[in-house]
Amino acid sequence: MSMRQRGFTLLEVMVALLLMGLFSVMAYRALDAVLQAEAHARGEIDRWRDLALTLGRLENDLNNAVAGVGGMQPRGFRLDADGLALAWDRLLPEDEAGGVRRVGYAYADGVLSRLLWREAAPIGELPLRTSVLPGLKSVLFRCLDGQGGWQASWPVTAADTGMPRAVEIVVELASGERIRRVLQVQ
């Protein structure tokens, strides 16, 4: 047997190593692209889930809104004139021994927060503020009155002590998408 028939030449080994290296780099880049796409998809899923949960909680709070119970002094439904904050009294769930608590939502500095006052808190007491939806470009609330007109503030007049028929919330995400929901007030 001649020497040439027993093995590979140095050039053949170098070409094989080069090809194996190229395939490895291509496989790594493909895997990296898949992992980046998965991370982006998870971020989008989390963002939309958080938005859905926040809107669901807001809807639940509005479904339990009350104008006043028994001898309690209601503070009424309030929407600030700039449309960035609203608050009302709501019935507590049965597992919290019933009762009424003031809740609200306010937008400031790119964050939508849920406001929660202590049960039977005096007027003027500051609420507990919990960030529920960060990373927003804007949030705007409006109230639907009994005649079907949208109001930028509530109550419309000082003599008006009633509840709006519905609340509209328009959320603009940092990415530019706008979500509009109209939630009935019970």
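Every number in this text was worked out from the coordinates using simple rules, so none of it is lab data. Everything quoted here is computed from the prediction, not taken from an experiment. A quick note on method: Cβ atoms are made from the backbone with ideal geometry, for glycine too, and the neighbour counts reach across all protein chains shown.
Assorted remarks:
- Near Ala41, once Lys and Arg are set to +1 and Asp and Glu to -1 for all other residues with Cβ below 13 Å from its Cβ, the sum equals 0.
- Expected-Rg normalisation [2.2 N^0.38 Å, Cα atoms] applied to segment 59-184: 1.06
- With K and R counted +1 and D and E -1, the other residues having a Cβ less than 11 Å from that of Trp88 yield a net charge of +3.
- Using only side-chain charges placed at the Cβ, +1 for Lys and Arg and -1 for Asp and Glu, the dipole size of segment 59-184 relative to its Cα centre rounds to 160 debye.
- Degrees, to the nearest 10: 10-63 long Cα axis against longest axis of the chain: 10 degrees
- Once the chain from Ser131 to Val15 is taken as fully extended at 0.36 nm per residue, the excess over their C-alpha distance is 35.9 nm.
- Per-pair calculated FRET efficiency, R0 = 30 Å: Asp160 and Gln184 via Cβ, rounded to 0.05: 0.95
- 222 nm mean residue ellipticity, helices alone, for the chain (DSSP H n ≥ 4; -39,500 (n - 2.57); rounded to 500): -11000 deg cm²/dmol
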